[in-house]
Every structure is written in C-alpha cells, then in structure tokens.
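*Asks:* Mind looking over this structure? Questions follow.
The values are calculated or read from the model by the stated rules, or taken from the named source; none is laboratory data. All values derive from a computational prediction rather than experimental measurement. Reconstructed Cβ throughout: ideal geometry from the backbone, glycine too, with neighbour counts over all protein chains shown.
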There are 4 protein chains.
Amino acid sequence: MRPQRVGVHRIDCRGPGDLSGVQALIDAGTLVPADIVAVMGKTEGNGCVNDHTREYASMAWSHLLAPHLGCTPAEAAQRVALVMSGGTEGVLSPHFTVFTRRWLEADAPARHGAPRLVIGTAHTRDFAPTEIGRMAQIEATAQAVREAMAQAGIQRVQDVHFVQVKCPLLTSTKVQKALAEQQEPATRDTYESMGYSRGASALGVALALEEVPAAKVGDAAVLRDWSLYSGRASASAGIELDHNVVIVLGEAPGAASPYRIAHTVMRDAVDAASVRTLLRECFAIDPDREGHDSDEALSGRLVNLLAKAESSPDGLVRGQRHTMLNDSDINATRHARAVVGGVLASIAGHTALYVSGGAEHQGPAGGGPVAAILHVEDAV
Amino acid sequence: MRPQRVGVHRIDCRGPGDLSGVQALIDAGTLVPADIVAVMGKTEGNGCVNDHTREYASMAWSHLLAPHLGCTPAEAAQRVALVMSGGTEGVLSPHFTVFTRRWLEADAPARHGAPRLVIGTAHTRDFAPTEIGRMAQIEATAQAVREAMAQAGIQRVQDVHFVQVKCPLLTSTKVQKALAEQQEPATRDTYESMGYSRGASALGVALALEEVPAAKVGDAAVLRDWSLYSGRASASAGIELDHNVVIVLGEAPGAASPYRIAHTVMRDAVDAASVRTLLRECFAIDPDREGHDSDEALSGRLVNLLAKAESSPDGLVRGQRHTMLNDSDINATRHARAVVGGVLASIAGHTALYVSGGAEHQGPAGGGPVAAILHVEDAV
Amino acid sequence: MRPQRVGVHRIDCRGPGDLSGVQALIDAGTLVPADIVAVMGKTEGNGCVNDHTREYASMAWSHLLAPHLGCTPAEAAQRVALVMSGGTEGVLSPHFTVFTRRWLEADAPARHGAPRLVIGTAHTRDFAPTEIGRMAQIEATAQAVREAMAQAGIQRVQDVHFVQVKCPLLTSTKVQKALAEQQEPATRDTYESMGYSRGASALGVALALEEVPAAKVGDAAVLRDWSLYSGRASASAGIELDHNVVIVLGEAPGAASPYRIAHTVMRDAVDAASVRTLLRECFAIDPDREGHDSDEALSGRLVNLLAKAESSPDGLVRGQRHTMLNDSDINATRHARAVVGGVLASIAGHTALYVSGGAEHQGPAGGGPVAAILHVEDAV
Amino acid sequence: MRPQRVGVHRIDCRGPGDLSGVQALIDAGTLVPADIVAVMGKTEGNGCVNDHTREYASMAWSHLLAPHLGCTPAEAAQRVALVMSGGTEGVLSPHFTVFTRRWLEADAPARHGAPRLVIGTAHTRDFAPTEIGRMAQIEATAQAVREAMAQAGIQRVQDVHFVQVKCPLLTSTKVQKALAEQQEPATRDTYESMGYSRGASALGVALALEEVPAAKVGDAAVLRDWSLYSGRASASAGIELDHNVVIVLGEAPGAASPYRIAHTVMRDAVDAASVRTLLRECFAIDPDREGHDSDEALSGRLVNLLAKAESSPDGLVRGQRHTMLNDSDINATRHARAVVGGVLASIAGHTALYVSGGAEHQGPAGGGPVAAILHVEDAV
C-alpha cells in the first residue's frame, strides 16, 4: 500500500458561508483543493433540527470546490466528506478543519518508522426513515468504518483514534411519510431523532472497532443500554443528508504526515483531568506548566481537539442535579457543548475546537471521546 | 467590637421554591433561622429580565423565615439579605448558600489569631428609573459597602474578598414612566438595563475598595471605560427590588468562624490557571494532585466558589471570534455562565457553584472575580 | 339540588406573584375568598417543562387564601382548584379568571328558567410515572369529570361546555424513578411527556362526555389516533402536581348566575370563522359590526375566551408547510399559543384570554375547542 | 415611457436553499429568469442578528440566476433585488415572492386604462457603521425611493402602495470598528441596531412619500418620535449587506399587469378589521362571506399580503399588558410576527404571507402597513 501524507488546516471563518480564509490559503498555494478529502466544520447555528448553517456551509464549500475538481457542486459534495457540526455555544469559535491527503510512491524511502496520522473515508447507502436509529443503520455504519480503515491503511483497531460520522435525522416530513406507510419510526419527535441517529451510528463504530460484543447490539440497545459505547466515535446528525458519511482518523507506520493523533475519554462534561493526562502522557505536554505565553505555543502545536459533549442522562453531574434536561428554552446539547467547549479551551488555550453535541453511545453516559491532533516535525 | 462566628451552609434544592433541605437542617438544629444574615441562591431561570425564579425563591424564603423571626414575610425579606442569581446553564446545580452569624462576647478568649471569615450587610435607598446605571447608583453603593465593612469589623480594604450586590433593572413599565416624565433612562432596553445596573454597582464597590481613582468614575464611564473595575465585586440585577443590597465577605483576625476566604481574578472565561493558582497558593490545595476520589474530599472542603461570568465585549476570547454577542436565541450572559460554570466545576469537583452572569466592571473585560470559601478546622 | 350562583372575575396581574388586583377586589368586598372554587391563570412563563411561574402563582394564591379559609397554604391549594397555564406568547396578557360559587336555598324562587353558568370540580388520585399518558389516567379523569358534573348539577353531557384539566408531567427525576424500577414510561422525554399527559386527560373527558366510543380508547390511541378527541376538553400539564384536577363548566336551568357559556371548535389555528359564528349564533354578537369603540363594549361583556392551541401535527396549515415542529429554539406550543391568542384577540377586542397550549385530543388535529363566557343581565 | 407588464409568482420552498419550485417554473417556461427584478423571501430563521437563512437563500438565488443572466453570482445579487426576511413564527410558511417585469412597446395599444401593478428598484451606497440609524441613511433611502418611483413610472406619491427596504445592521465587528475610530454608533447592541436601521430607512420612505414634514426628521427622531411614520414602508435588516435596497410597488395606468395592489395600516397587531375593510372596499372581497371552500378561491386570487409586525413599544395592546418586551428567551419581533401572521392568515385563508418583523416608523407604534396584491384578469 502506498503511504499517505496527511495535512491538517484549521481555518477561521466569519460566518457559515465565509470561505475567504480558505480561498487565501488556496491562492497562496498552501492548500491544494484537489488534495482535500474531508472538512470538519463548526458552524454557528443551534446544532439542532432547524440549523441551516450546516447546509449553508456545505453549499459554500461545494461551490468553492466544484471548479477545482472539475465537477458540479453536487458531485463535489459527494467526493469530499463535508461534515458540518452546528453549535458554537459559549466560547467555541466557528472554523473549518480541512484534511488533505496525498499518496506517496509505494517504494519511497520510509519517512517515519513511528506512526503518523492517516485518514480514510466511506459512506453508506441512503436510509429509509424507519431505518434511522435502528440495526440497519448500525450495521451499515460498521461496514463503512471497515472500508474507511482499509482506505486509510490501518490494520489494527487500536490504531483508530477518532471516527467521525455524519448521519441523517427525521424531519416531520419524513415522520409523516413513515406513518403514511403504516410504519413507526424510532421516534416521532424530530429533535429526539437526532439522538437516535447518532446513537445507532456510534454503536456501528463500536461494533467495527470491537469495543462492544456484537450479541448485545440491536434495536433495543439504542438509547437504552448506556454500557455500550465507543470511546472513539463522534456522530453528528444533520438535515442535509440521507446516508451516513464516515471519516476514520488514526495512525499508521510509514505515513509521511507531520501530525500525530491520540485519544481519551472524558468521564463527564467537566473531566479536565483525563485530557490533561492525555496531553502529558502521549505528547509530553504539561498544560499546567505552560503559562500565559506558552499557551500560544501550545495552541499552535495542538491543531485541534475533537470532542463529543452531552448532558448526563441521569440528570446528575458529580452527584448533583443539573437542569439541562428539563430546559425547554435551550436544548440540552447546547448546554453541554458550552460546558465541554469551555473546559477544553481552558486546557488547550484556544477556542476553535471541534466540540460536537449529542454523545449517545459515544463515551460513557454524560461523558465523551476526545481526540487530540498535534503538529510534530515536518516530514523530512 | 465583638467577634463574629460565621457559618456557611450550601444547600441543594429541587426547584426555586423547594426549601425542604433548608427545613431539614432547621429541624435538626444545624441551622438556626434567627442567625441567618444572608442567602445567596442560584435559581434555574434564564437569569435575564423575565426570570421569575428569583422572586419565587425569595417569596419561599420570606414565608419560611417569617414565623421564625416573628415578623411578616415582607419584613423578613428586609432583615435578611436574599440574593437570588438566576441561571444554572450547563452543569451548574441550583442551590442556596446560607450565611449565619452569631456575635460572641467581646472579652471571649481570642479563638484565632489568624484571620477568619466575617460578613456584613447593608442596603441603599430606592432608585428612580433614571438613577439606575448612573452616578447616583455608584455613590449609594459605595456608601453601603463602607457600612457593611464596618458591620463586619473589617478595617482594611485588602481584607475584603467578595462584595455581592443585588441591584434593580429597568422594566418596560419603568422605562415608560421615565419617558412620560421627559427623562431619558440610561437605556430603554430592559435586558441592556441589567448591564447598566450591574456596571454602576460594581463601580461603586471599586470606589469603596479604592480600586479605581474617584476622578475617573462618572456616568460616562459606565459600560464604556473597561479599564475601571473591581476585582472583588459581584453584581446581579433582578426585577424584584428597587434598591441595592450589599453583602461584604472578608476576613478579620479574632473571628471564630471555621472558614477562610480568598479571591483572584479570571482574565477571561477559560482562565482555569488563575483559580488553580489561588487554591494552591492560598490554601495549599493542588487540584491536579487530587484524583477522582479526592475530588470528593475537595468538594467537601471547598464550600463554594463565588464567581462572575461575562462574554468578552470585544467579541474575542484568546484572540478568536466568539458568537455570544450576536446570538439572538440565547442571551450572552447565559453562554458565559455555562462556560465559567464548567471551567470552575472542572477544578472544584462539584457543580453547586455560585456563578453569576454579567461581569461589567467586575474584573477585566471578559473576565471576572472569583472568591473561594474553604472550610478549615472547627473553632476550638 | 340547591341552585348555584356563579361569579366570574377576570383580574390582571403585573407578574406571576402579583395578587394586588385580587386583594383590591377582596378589600372592596367584591370578591369573597371563601366563595372561590377555581382559579384559571395565564402566567408568563414558557408553558413548558421548566416553567416555574405556574408554581409561583400557585404559591402566591395559597398564601393569600389560607388565612381566609382558616387553613394552611397547602390545604388551600387542595380546596380551591388552582389551574395555572403558562405561556403568554404574542399579545396574550397575564391574568387570573376567578370562579366563585354560592349555593342558594333550594326552595328559592327560580331566578332564571333559561340556563345559566354552573361549575363543578373534582380531582383524581396521584398517578405513578408509568400511568401518565395511559389508560389509568384516562379512566381516572373520566370518573372525575362525572363527579364534577354531578357537583355542578349538570345532567346532560351536552350541557357541558368546557372541561379544564390540570395534569402532571414527567420530570427527569420521575423518568429515572420508573426506569430504576424496570418500568418504561410512555416517553422518556420530559417535554414530550406533557403531550402524553394532556392527551390522556382529554381522552378521559371525551369518554365521560360520550364524544368517543369507549372501545376505541386505550394506551395505543394516545397521541396516535387523532380522530378521537373532545370538543370541550382543555388540558394543561404542570410540574407542580401528581394528580389531575378537573373543572367542569356548563349551563343548568335554575342557576342564578349572570353569565352564559357556549363553545365551538376551531378546525385549525387560524379558524376565526368558527368563533365569529359562535358569537353571532349563540350570543347575537357580530364582531364585524362592532367598530373601534364598541370593541371595548364587547371586551367588557365577553368575560373570557377559553381556548386550546396546538401546532398542526402533520406539519401543514391550510395545506402549506409550517415550521413549528422543526423549531429547536422555540417549542411548538409557544408558536401555537401566539397564533391562536392573536386570532382570538382580533375577534374579542381584548388580550387577557385563556389560550392554553398543547391540544392533543382536544379538538381535531391542529385545531382546538373554544368556550366563550358572556356576562348577561345581573340576577334579579 | 414604455409600459410594464409585471408578473408575480408566490413559490413555496422546503428550506432556505430549496429552489426546486423555482426551477420547475423555469423549466416549464412559466418563469423567465431574465425578467426577474425582485425576490421577496420569507426564510425560516430567527429573523434577528444571527439569522443566516437570509444569506443562505440569497446565495442559492445568486447561483441559480448567474448562468441565466450570464454573470457571476455576486453580480446577479447586484442586478436582482434579493430581499430575504427571516422569521416564519407561528403558521407562516416559508416562500419566495418573485416579481418579473417586461417592458412593452411604447406605442402598444393601451392595455388597461385602469391602474395596474408596476415595480421599480434602486439602491443606496454602502453605509459606514456610524451612518446606520441616522440622517445619512434616511436621506439616501429617500433618494433611492424617488429613483425607484421614476423607474416604475409612478408620478404621484399616492400611487405608491408598498416600499420594501432591505437594510444593514451592526454586527459586533462593525461596532468595534466604529469604537476603534473613536466614533459612537447609534447603538452598541447588535439586536437593537436592527431597529435603528429599519427605523431610519422607514423615515426615508416617509420623507420621499411626503408622509412626514421634512423639518421634523433627524437623528433625534429615530426610535424616539413615534408620531412620524410611513403607512407604506417595510424595512428588514440583514447581516448580508452594507447598503439599502429599495423596491417600490404601486399602480400606474397603462401597465399591462394582471395584478392590482392596495394598502392599509393596521393600528395594532390584532387589527383584523382594517384588513377586512381593505379587501371589501378596494377589491369587493368579503372574507366573511367566503366559507371554507371559497377560502381556497380567495387564497388563489390574493397572491400575497405584505405586512409589518411589531410589539407595541408602550407594553400594551388594547390597553392590556403584553410580555413581549420583557422576554429574554424570545425576541419581541418573533412574537409579533407570529401574531400578525396568524391574524392575516385568518383573513387570507393561506399562510404563505410576507410578514416582516420590526415596524419602527412603519405604521403607528405597535401597528404596521399591509399591502394586498390581487390577481385580476389576464391582460388582453
């Protein structure tokens, strides 16, 4: 297999449709559009059902990419995995993380014996409304993860550090369609359907990564058996697609990328300790030793933290009542993103972090996976 | 002056009107209602103009206290400083912090040479709508701070570690009243008036604590000159009062309280480092050394953190754009409370923290004061 | 049976805890507290799960009534049916509609051969979390309606014009309790539970009023079979109670009340025509003939409109898409109350109307019942 | 001057970026892209500062039009007046109203002696942040109205029935920019700036249409002197532009359009009577006579109602308190749109209505202008 060289660009934006920062990098030759394999964006909508900033950013990206790829905007959105996660509550700063990949010659001298960042993508077929949140979605997702691992050149499941899934939700139109056909969807509530879709997708990842016993995974487990989870899955539901898109991030020896990736699991929304330990043990970075000035140094090296956030479903954090689940003004995922974004920014020293809401079966109940991408030395 | 013995009880609640936990402590003889001088509550409303949970909790407290104090509910609310701060976004857990005070004999043997927690309260006259957010409110607040210091037995301004102010806001009725009298209030916007009232109150504290030069303080400075601020003021605006209530917390030698208090200033909403330093340097607590289990130990000793939160008015945190000020669905103070609550809970290990929104002139722009109350050995 | 004389007072308030208008009527001797049997309030919360304005108003009423009734506040809340409906979106004006009742001598000369307003109340036992939204709640409600009809002296179901039910909801605490006991509640979503509770309550009314065939009513019909509904039920869910409270309003000959009541059903949220027809045909009032000035005359005679509002569950109004069900910022019931409140105010000429959200099985899907209470000549 | 033939298409959409309905009309030859002069869209965002659905719809339209007009998307947005008004609260249905115009031969036989619909557009220069909400914006708008009237062939101000203005707002970036240059904008609050921009734009229309005395119009009048207003202005603020776009709709004899237009002014948000009178007197339509079936007939003929909505700034509707201005969860303009949308739909019989929020100086305080576009016979 030919080795990869993966590039990662974190690019700020002034709005969901603002790609001027992206265009500047293209104009400067720093970013080659044809190399782009995935974009993970944080857009400033509500991150819930009627968040149109995700589609809006996707439309902007499609129109930007199309002429470079020599295809229509719709085709561009098929070729590049565009994952827009809505919601920048609290200090979170809207941005795009752009992943590029270039294949090197297979017989090129090995650049790094040490493992480096690799990426693979895949997607499932479209789902019927009644498949969302159920076994059909779980299995199709697991299969897509395996395909993306193969593309990435990752052979061992422990070398996968983050799996981003973009998945559909049920709109009221889809719910009506199912009911008209005398079929009951997993839920009739559009907001709730986002949780079902994320949960089934995460279980699909857990299945592929052998984190859960296959026998325990089924329709009845979704949003029910919280003991089943992936420590590396991140799923976002969006109104703009009918299938799942999967991006696998991991490490492989021989890759020529100047980046490393590692992951941990936050046990709850305020578990700063686990992320501090990750940085210390995997990357020899001590966030406490870094003062005001070196924050900037850290924020430069730490390209991004990719994390999931959710409000604890038992209504408690560290044994004390929280009010997120009873709040009819602000949805619980929005509260959770604000908290996790704040906690992670207090460690990372910057706020353009990928914190995505709704961590059903992604980490333990109330907690979630976190992956750190670190810039290391440039490839020789 | 007779020495004080101050008690601090942090009591959870199941809703703004739930005082069953308080009643249980009274029934057990742990809490003596006649000793209560102040209650600082976090209630689960929106913390903005139409947050009626503050009044609701105050009504519940008034009715609970009245028979114990032998007065009407309205009189009880005058005798005890009831400060209800709305908004428990994110992980924040609704609770009441109850301060009791008992005067000891003046010639009692000195309990502690070391300084211990003392408390003093005072209040201003009612303000006219046009006085809110202006010099009249600033000066009356400064005077009330001095009165409360005297009552607390604090002689040096550096021994004051936290000044809580509860202040009024402009409702549309008050705005109309002013306009009908041909007078322009500081703002016509009810939500914005909360900021003006908090800002003027904080400048009053800064004036009394000699944190700002008197010559620079005036109408024009309010919400304009962010270089003027108090590092110890905390102001909350509420619809339920027309005057300012002031609670001064500090330390004095000779006090018989089993508590200490110290403070720091967060430079921005994600400045965990300053709070970690405070705990380490003032109380010899290293939050990083404390593991999962000792979290609980810390959360027991650390009675509460009292903090202010605000979204940075220049639209940036650590140099990156935030979206709080342009969000027309969720007010900026709500975002900020969620962030600071999360960051502090990640340090304190518990979530029943007093994080109050709107830190105008309370700490630097985008940051805010934080005080820590620590339980130490019981008085001999 | 002794005839009733029912009084109806519509009283404005400045907030959920403001009973100064009520107190003024009591002081003037216009309102006798011991005569009060029911209060239907519109309070200015969000009308959803975390709307504490309902409890707050109830607490204020309990404390006001207790000394007059010679009982504790908790007992007062048992004796008087306090139904607080949250949500005054749009033009709706917060107010209380107070129903008094005095029993006349049985052999008193018949005041009115014509039917006049009568009232009856009843309540069910407390419900377990798993009973909410299911047959147990339906049957208990039907039984309570029959008891309230008997108390009101109404013998024919067609003489019932409005049945107000206050019912509980599932908080996350209740959901956890049921799950801990291995029992699945009707829904795990707190906001959604309000709909289940209202729906089951309404089917209970429909059952009692013989509006639906008993054979078709069961667990599976709740929020499923929209062909089953009551044209006179109005159910509001609140966090402050565990049982259903039922108020039956109707007409009976011989009653000495200076009020009449009639009802219609709006087929959708903008069906002004049916309400205009009701006023014209039952009360000989033509809202179109009434100009700007006579609006006030009408608003004086038309004591209140009692109505239910809901967003059409099929996502359409008059065949066109609405966005209420996909809105994750504002819950659908809030949109619907704003619309129906506006439409009814455009007919009634005043805005202190009782429009309550969530009309599941109350009127046809997307529509809802409306009752009009008209002041007629005073009893001789 | 050559006569116009104006076409009006009201087209539903499934989201802000869905132009499939538009494309279908183009494919069918019913709509000729090169004829389009203006699009007035209702998109399903919050209609406030961070409503990105307006930009999103504009981006979609620009990309659709560009190939037909033989220009870039940016140029298309300059040539066609794209006015997207956010906010479809309550029953309002997202849609686009597309205006086409074709110039006929000057010597063509007069089609209609009777006046028929004509349209004209114009735009101002870009405004500096400090010009927004002030005299510079007022005067530039008035000049643009005059230019658009001339283009439309309207000579008398009374023949203008609706003037739509799209105007900019202050983002926090713009506010910071002004402050950095030591200049104070009309307001520092981004949400409030939308009101200032709409208000100044409306006064510009009033000035051009001679509805207010020029001597009374100035900076101090904006959002202050509510006696000054236009009965035909409709202004919407959006984040996507820096200048004002003006669309004048009126009637002129000789136009060959199969449409008429007329206007009235609602005195408050629930003033159904004035709109009923308009339909009756101008178009001989009696909404009361129209039953369920003929509703559809009416909804077919009544192409659209164009209206402004606002919450009454004195806090009262028909003398009773409303809660819109003190609501910190839902902005007041959202409440008002829901109400006016409901009231108008109850008259028009359909819900795809153009109801735009924020009626500062557009109609009397709390009320707003309404224009009705009626399809009449096709041109001979």
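*Asks:* So which of A:G300, A:G254 ends up being closer than 17 Å to A:V8 by Cβ and surrounded by fewer than 21 Cβ atoms within 10 Å (Cβ to Cβ)?
*Replies:* Being closer than 17 Å to A:V8 by Cβ and surrounded by fewer than 21 Cβ atoms within 10 Å (Cβ to Cβ) holds for just one of A:G300, A:G254, which is A:G300.
*Asks:* Can you tell me which residue is farthest from A:N46 (Cα to Cα) among those in the stretch B:301-330 that are touching a residue at least 60 places away in the same chain (Cβ under 8 Å) and in contact with a Ser or Thr (Cβ under 6 Å, 6 or more places away or on another chain)?
*Replies:* It comes out as B:N304.
*Asks:* If you scan the stretch A:152-169, which residues turn out to be over 15 Å from the mean Cα position of the chain (by Cα) and either among the basic types (K, R) or part of a strand (DSSP E or B) (or both)?
*Replies:* The answer is A:R156, and nothing else.
*Asks:* Can you name the residue in the stretch C:73-105 that is under 22 Å from C:N46 (Cα atoms) and of a type in the set (S, T, Y) and is also surrounded by the most Cβ atoms within 10 Å (Cβ to Cβ) among such residues?
*Replies:* Going through the qualifying residues, I end up with C:T88.
*Asks:* In the set D:E44, D:E75, which member is more than 17 Å from D:N244 (Cβ to Cβ), at pLDDT 95 or above and at the interface with another protein chain (Cβ under 10 Å from one of its Cβ atoms)?
*Replies:* None of the other options fit; the residue is D:E44.
*Asks:* Inside the stretch B:242-282, can you point out the residues that are in a loop (DSSP other than H, G, I, E, B) and either basic (K, R) or touching a Phe, Trp or Tyr at 6+ places or on another chain (Cβ under 7 Å) (or both)?
*Replies:* Passing the criteria: B:D242, B:R267.
*Asks:* Could you check A:K216 against (1) in contact (Cβ under 8 Å) with a residue 40 or more places away in the chain; (2) in contact with an Asp or Glu (Cβ under 8 Å, 6 or more places away or on another chain); (3) more than 12 Å from every other protein chain (Cβ to nearest Cβ) and say which number it fails?
*Replies:* Going through the list (1) in contact (Cβ under 8 Å) with a residue 40 or more places away in the chain; (2) in contact with an Asp or Glu (Cβ under 8 Å, 6 or more places away or on another chain); (3) more than 12 Å from every other protein chain (Cβ to nearest Cβ), A:K216 breaks only (1).
*Asks:* How many of the residues in the stretch A:48-91 are free of Cβ contacts under 8 Å to residues at least 40 places away in the same chain and of a type in the set (S, T, Y)?
*Replies:* 3
*Asks:* Additional query: Within the group A:V157, A:V165, which residue is out of contact with any Pro (no Cβ under 7 Å at 6 or more places or on another chain) and within 21 Å of A:W226 (Cβ to Cβ)?
*Replies:* Within the list A:V157, A:V165, the selection yields A:V165.
*Asks:* Let me ask you something else. So which residues in the stretch D:351-370 are of a type in the set (A, V, I, L, M), more than 14 Å from D:D271 (Cα to Cα) and under 12 Å from the mean Cα position of the chain (by Cα)?
*Replies:* Scanning the stretch D:351-370 gives D:L353, D:V355, D:A359.
*Asks:* Name the residues in the stretch D:135-148 that are surrounded by fewer than 20 Cβ atoms within 10 Å (Cβ to Cβ) and more than 22 Å from D:R101 (Cβ to Cβ), would you?
*Replies:* D:M135, D:A136, D:E139 - these are the residues of the stretch D:135-148 that are surrounded by fewer than 20 Cβ atoms within 10 Å (Cβ to Cβ) and more than 22 Å from D:R101 (Cβ to Cβ).
*Asks:* Given (1) charged (D, E, K, R); (2) more than 15 Å from the chain's Cα centre (by Cα); (3) part of a helix (DSSP H, G or I), where does C:R198 come up short, assuming only one miss?
*Replies:* (2)
*Asks:* Which residues, counting only those in the stretch A:170-182, are in a loop (DSSP other than H, G, I, E, B) and either in the same structural domain as A:E55 (by TED's automatic domain parsing) or within 14 Å of A:F127 (Cα to Cα) (or both)?
*Replies:* Once the filter is applied, which keeps residues that are in a loop (DSSP other than H, G, I, E, B) and either in the same structural domain as A:E55 (by TED's automatic domain parsing) or within 14 Å of A:F127 (Cα to Cα) (or both), the stretch A:170-182 yields A:L170, A:T171.
*Asks:* If you take the residues of the stretch D:149-166 that are closer than 14 Å to D:M1 by Cβ and out of contact with any Asp or Glu (no Cβ under 8 Å at 6 or more places or on another chain), which of them is surrounded by the fewest Cβ atoms within 10 Å (Cβ to Cβ)?
*Replies:* Per the stated criteria, the residue is D:Q155.
*Asks:* Looking at this structure, is A:K174 under 21 Å from A:G358 (Cβ atoms) and more than 16 Å from the chain's Cα centre (by Cα)?
*Replies:* yes
*Asks:* Name the residues in the stretch B:83-98 that are closer than 29 Å to B:M1 by Cβ and either out of contact with any Ser or Thr (no Cβ under 9 Å at 6 or more places or on another chain) or within 14 Å of another protein chain (Cβ to nearest Cβ) (or both), would you?
*Replies:* Within the stretch B:83-98, B:F96, B:T97, B:V98 meet the criteria.
*Asks:* Oh, and also: Between residues in the stretch C:331-345 that are within 7 Å of another protein chain (Cβ to nearest Cβ) and residues that are of a type in the set (F, W, Y) and surrounded by 24 or more Cβ atoms within 10 Å (Cβ to Cβ), which pairs lie under 8 Å by C-beta distance while being six or more apart or on different chains?
*Replies:* The qualifying pairs are C:N331/C:Y191.
*Asks:* Ok, one more. Of all residues in the stretch C:57-72, which are more than 11 Å from every other protein chain (Cβ to nearest Cβ) and buried (at least 22 other Cβ atoms within 10 Å of the Cβ)?
*Replies:* C:W61, C:L65, listed by residue number.
*Asks:* If I go through the stretch C:28-58 residue by residue, how many of them are in contact with a His (Cβ under 9 Å, 6 or more places away or on another chain) and over 22 Å from D:D329 (Cβ atoms)?
*Replies:* 6
*Asks:* Quickly run through the stretch D:235-250 and pick out the residues that are within 16 Å of D:A136 (Cα to Cα) and over 10 Å from the mean Cα position of the chain (by Cα).
*Replies:* Of everything in the stretch D:235-250, those that are within 16 Å of D:A136 (Cα to Cα) and over 10 Å from the mean Cα position of the chain (by Cα) turn out to be D:D242, D:H243, D:N244, D:V245.
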